[in-house]
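Have a look at this one.
The values are calculated or read from the model by the stated rules, or taken from the named source; none is laboratory data. No experiment lies behind these values; they were computed from the predicted model shown. Here the Cβ is made from the backbone with ideal geometry for all residues, glycine too, and neighbour counts use every protein chain on show.
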Number of protein chains: 2
Amino acid sequence: MNILTEKSSTTLKGTVWRKTCFLSEFSEKAASAACLMGWLHDRALVPDPTFGGIVLRITLRDCSGLRDFVVTTKPFIDLLSTLEYESVIAIKVLGKEILDVKILARAKPAIFSPKVITDFSTIDLVVHRPLAIRTERMKAVLRVQDQIFTSARQFFHKEGFCELRPPILSPATDPGIRGAIGADVNFYGKKYKITTSMILYKQMAICSLEKVYAFSPNVRLEPVKTRQTGRHLAEFCQIDVEQAFINYHDAMALAERLLVAILSDVKNNCQKELKLLERSLTIPTRPFKKLTFQEALNILSKAGFKQLQQRKELPWEAEKMLSNTFDEPFWVTEFPYGSRGFYDRQDPNRPAVLRDFDLLYPAGFGEAISGSEREYLYPQVKKRMLEQGLPLDEYSWYLDMLQHGVPPSAGFGLGLERLTRYICGLENIWEATAFPKVPGVHSP
Amino acid sequence: MNILTEKSSTTLKGTVWRKTCFLSEFSEKAASAACLMGWLHDRALVPDPTFGGIVLRITLRDCSGLRDFVVTTKPFIDLLSTLEYESVIAIKVLGKEILDVKILARAKPAIFSPKVITDFSTIDLVVHRPLAIRTERMKAVLRVQDQIFTSARQFFHKEGFCELRPPILSPATDPGIRGAIGADVNFYGKKYKITTSMILYKQMAICSLEKVYAFSPNVRLEPVKTRQTGRHLAEFCQIDVEQAFINYHDAMALAERLLVAILSDVKNNCQKELKLLERSLTIPTRPFKKLTFQEALNILSKAGFKQLQQRKELPWEAEKMLSNTFDEPFWVTEFPYGSRGFYDRQDPNRPAVLRDFDLLYPAGFGEAISGSEREYLYPQVKKRMLEQGLPLDEYSWYLDMLQHGVPPSAGFGLGLERLTRYICGLENIWEATAFPKVPGVHSP
């Protein structure tokens, strides 16, 4: 008899095998029988004075957690004593009594077991994802991420933004992905790319809806060496936001409200998960501290970083050092002209700087958000593209669009996995998503 | 002076140009000045008795709709009289009086204008998306889709499901995409595919969280001829759902609750949009009607379709005919063994049929949902894969996972764009998303 061959309308009795509740909902004191299903997480033969002999203690695991049961019946002890961990089983219980046991799926010996994973930095957690995803730790991380999705959407809904299904393939996409390369796809004979950022599409969408956001997939094939940074994935998700007719100060204020809303919701609703992750969250006060790029350079110079005046960007080590000196998220604004993508707007009053911004997490977690006001006028964009040596013909639809009335706007992208990593206090970003793709690593 | 160079803290007065409200919020009766921004949608010189001469009536458009203004001042009439449609402008008004006008972005003459688009089936709407997305009709469609996102999430949250960030690239993905081909990507020297369905990953995730869903991107390079069906896109989004320890009846009941929740929310919250789209929605009663595949064949045979007994699937014309005979969504269940992907579970009691299901929309809209109980035991899956001639080595991670305790489960995928198309009553699916990719068409 098979677990799923019975009609869904049948209630639990006799031979019926239907999961009646999660382990966390089960009460031994209930008079009625229950059917529980999950994974064999642990097992030990233990002496039992009441029973007057040896009994089998099993730990059953389901999505709600772990729970111990004592098996006293000889045939069930025999059945379960040699079963491999991670096998899927069902038990029928009446109060404390185990009425019946069924094996739903036998496991083979595991390379490593969710119950003994202690090293959270090993690449094995990526390659053997089907086992690694089963830990209580990963469940906590994914539940926090679920809350991030929910909070972000509630926030945007309240603020009047419209959610879009993001583009997956593009004839042209964001070239500003320093060091990484985009993934090419043959789209009916033409070379397309998987979106590396939906900036160009956001500008299209605000011409219709003005306030838009998306959870956009991004593929950036980063150099293999970035595996060591703990903060680079080859595919990730951005919470991508754009609003027409606002400036970069407005966009920063919007991002601050968004981040505080998400952090507050996680703190309020994910106490169990944060406790398991040993993470205490503080809610930053708005407005966040702001450094101009020049001020950031000054701090770094004083701290001993050399030759920073020549640089147009913050090197990775400098960004981490800066991040380590703060205990709340903070802005770095007005990066120098020439340092960013053609779509970061040049300040018309101060041509040496861009009207853009990065948000950095504190405590070494580094970049959270990157955003800007946009170049929205055709002549300026064309000039910037030519300066950066971009092939104008690849961007033909975009350059054409700019001549059909694109409004001034500002927006940003907030990396979902980096936010999850920061909130959960994870060393490695490949813990911050269900199905991580790590640069250079072949995994599910 | 530029629109975005002023401090965000400055209030509207004198020379400050900041959008103060949407057109729909603006009241001529308000005593204070307002600054409005949008697109020049229409324009006409009209006689005005009060003014005693000719004035310029302009229609301004923003995300909230259209609004007419009368320009009576000579320099502003001159400024706006020759401006191309779709130019982005700002106006300052005090009551009915226009105090000032500024051109934010000049447009060149448009190939076609959002104000005159009437043919909603032309492929021009895809190629010239930056203009087509600006119509009141597209705004209504995208606002309905935003409601679908919101409703689906609220539903899943209430039912205890966890949202996942879906995989984008896979070493192996769903092969069951009849006629279409997957998009290959070089992932650090190995051939990966963009996900065509996240079925394999859903089975991984339920081993951790049991009840999961995702808004998953799918790329399927359909044959160019499918462009005529009105229901095929080369990239789309699936609302992908899976739950451990349930059977296919449970999954169908879950899908019914989901669909009714979404339809009810759209009906309640998108009255303005449905009216514009001339669409009246009826909320179907649960449970939906169920036909077995065999019953569907019988209906079709009686209707004159020949040689259907030999078939293992419903041909497209038959599915449309069937859909046209119903006025509420309905199920077709238990497709014959051999007709579907290896993951649709064979009925252990009736080996000739699968424990799977499709939901069809009524009125010719065709397939809404496809789902099933899953093959979850290694020997069965391997047997099915071999029967279908699949290369086992490509699925190595998946076959390995099946030997580590994968539970019985059921789930489904609900196409976001097809749902949007049905709800909005659209002839062509390329109206049902912001950035459509149509088979064989090169577009943004």
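Within the range B:144-187, work out how many residues are charged (D, E, K, R), surrounded by 20 or more Cβ atoms within 10 Å (Cβ to Cβ) and in contact (Cβ under 8 Å) with a residue 24 or more places away in the chain.
Of the residues in the range B:144-187, 3 are charged (D, E, K, R), surrounded by 20 or more Cβ atoms within 10 Å (Cβ to Cβ) and in contact (Cβ under 8 Å) with a residue 24 or more places away in the chain.
Can I ask one more? Could you grab me the full set of residues in the range A:210-228 that are closer than 14 Å to residue A:162 by Cβ and in a loop (DSSP other than H, G, I, E, B)?
Passing the criteria: only A:210.
Output the residues belonging to the range A:69-114 that are touching a residue at least 24 places away in the same chain (Cβ under 8 Å), basic (Lys, Arg) and over 21 Å from residue B:203 (Cβ atoms).
A:92, A:96, listed by residue number.
For the range B:403-444, which residues satisfy the criterion of being more than 26 Å from residue B:181 (Cβ to Cβ), at the interface with chain A (Cβ under 7 Å from one of its Cβ atoms) and part of a helix (DSSP H, G or I)?
Matches in the range B:403-444: B:403, B:404.
Could you list all residues from the range A:122-143 that are free of Cβ contacts under 8 Å to residues at least 40 places away in the same chain and more than 15 Å from residue A:65 (Cα to Cα)? First the steps, then the outcome.
Our first condition is that a residue be free of Cβ contacts under 8 Å to residues at least 40 places away in the same chain; within the range A:122-143, this holds for A:122, A:124, A:128, A:132, A:135.
Listed by number, the residues that qualify are A:122, A:124, A:128, A:132.
What do you reckon, is residue B:361 more than 21 Å from residue B:180 (Cα to Cα), of a type outside the set (Lys, Arg), surrounded by fewer than 24 Cβ atoms within 10 Å (Cβ to Cβ) and assigned by TED's automatic domain parsing to the domain that holds residue B:249? Spell out the reasoning first.
Details: more than 21 Å from residue B:180 (Cα to Cα): yes; of a type outside the set (Lys, Arg): yes; surrounded by fewer than 24 Cβ atoms within 10 Å (Cβ to Cβ): yes; assigned by TED's automatic domain parsing to the domain that holds residue B:249: yes.
Yes, satisfied.
If you don't mind, another one. May I ask you to say which residue of B:166, B:114 is within 29 Å of residue B:237 (Cα to Cα) and within 18 Å of the chain's Cα centre (by Cα)? Even if it seems obvious, please write down each step before you answer.
Details: B:114 fails: within 18 Å of the chain's Cα centre (by Cα).
Result: B:166 is the single residue among B:166, B:114 that is within 29 Å of residue B:237 (Cα to Cα) and within 18 Å of the chain's Cα centre (by Cα).
Can you confirm whether residue A:333 is surrounded by fewer than 17 Cβ atoms within 10 Å (Cβ to Cβ) and of a type in the set (Ser, Thr, Tyr)?
Details: surrounded by fewer than 17 Cβ atoms within 10 Å (Cβ to Cβ): no; of a type in the set (Ser, Thr, Tyr): yes.
No: the conditions fail for residue A:333.
Residue-wise test of (1) within 14 Å of another protein chain (Cβ to nearest Cβ); (2) of a type outside the set (Ser, Thr, Tyr); (3) in a strand (DSSP E or B).
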{"residue": "A:69", "(1), (2), (3)": "no, yes, yes"}
{"residue": "A:79", "(1), (2), (3)": "no, yes, no"}
{"residue": "A:90", "(1), (2), (3)": "yes, yes, yes"}
{"residue": "A:98", "(1), (2), (3)": "no, yes, yes"}
{"residue": "A:101", "(1), (2), (3)": "no, yes, yes"}
{"residue": "A:108", "(1), (2), (3)": "yes, yes, no"}
{"residue": "A:112", "(1), (2), (3)": "yes, yes, no"}
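Give the residues of the range A:163-197 that are within 9 Å of chain B (Cβ to nearest Cβ), touching an Asp or Glu at 6+ places or on another chain (Cβ under 9 Å) and of a type in the set (Ser, Thr, Tyr), sorted by residue number.
Answer for the range A:163-197, where residues must be within 9 Å of chain B (Cβ to nearest Cβ), touching an Asp or Glu at 6+ places or on another chain (Cβ under 9 Å) and of a type in the set (Ser, Thr, Tyr): just A:192.
Quick one: which of B:67, B:57 is buried (at least 16 other Cβ atoms within 10 Å of the Cβ) and either on the phi < 0 side of the Ramachandran plot or at pLDDT below 95 (or both)? Lay out the reasoning, then the answer.
Numbers: B:57 fails: buried (at least 16 other Cβ atoms within 10 Å of the Cβ).
Every option except B:67 fails the conditions.
Still on this model: When only residues in the range B:198-238 that are more than 11 Å from chain A (Cβ to nearest Cβ) and not basic (Lys, Arg) count, which is farthest from residue B:410 (Cα to Cα)?
The extreme case among them is B:228.
Which helices (runs of 4 or more DSSP H) does the range B:287-388 wholly contain that include 2 or more residues that are at pLDDT 95 or above, closer than 23 Å to residue B:245 by Cα and in contact with a strand residue (DSSP E or B) (Cβ under 9 Å, 6 or more places away or on another chain)?
Values: elements: B:293-302, B:316-324, B:378-387.
Counting at least 2 such residues, we get B:378-387.
Hey, another quick one. Please go through the range B:119-143 and pick out each residue that is more than 15 Å from residue B:41 (Cα to Cα) and in a loop (DSSP other than H, G, I, E, B).
Listed by number, the residues that qualify are B:119, B:120, B:121, B:122, B:123, B:128.
I'm trying to understand the selection: among the residues of the range A:370-389, which are among the aliphatic types (A, V, I, L, M) and touching a residue at least 12 places away in the same chain (Cβ under 8 Å)? Spell out the reasoning first.
Restricting attention to the range A:370-389, the residues satisfying the condition of being among the aliphatic types (A, V, I, L, M) are A:377, A:381, A:385-386.
Hits for the range A:370-389 are A:377, A:381, A:385.
State whether the residues of the range A:239-260 include one that is within 17 Å of residue A:421 (Cβ to Cβ) and within 14 Å of chain B (Cβ to nearest Cβ).
Within the range A:239-260 (the criterion being within 17 Å of residue A:421 (Cβ to Cβ) and within 14 Å of chain B (Cβ to nearest Cβ)), the answer is yes, since at least one residue qualifies.
Given A:256, A:210, A:273, A:242, which one is among the acidic types (Asp, Glu) and closer than 23 Å to residue A:138 by Cβ? Break it down stepwise before answering.
On the way: A:256 fails: closer than 23 Å to residue A:138 by Cβ; A:210 fails: closer than 23 Å to residue A:138 by Cβ; A:242 fails: closer than 23 Å to residue A:138 by Cβ.
Matching residue, one of A:256, A:210, A:273, A:242: A:273.
Looking at A:393, A:400, can you tell me which residue is in the same structural domain as residue A:203 (by TED's automatic domain parsing), surrounded by fewer than 19 Cβ atoms within 10 Å (Cβ to Cβ), at pLDDT 95 or above and not aromatic (Phe, Trp, Tyr)? Please lay out each step first, then the result.
Working: A:393 fails: at pLDDT 95 or above.
After applying the criteria, what remains is A:400.
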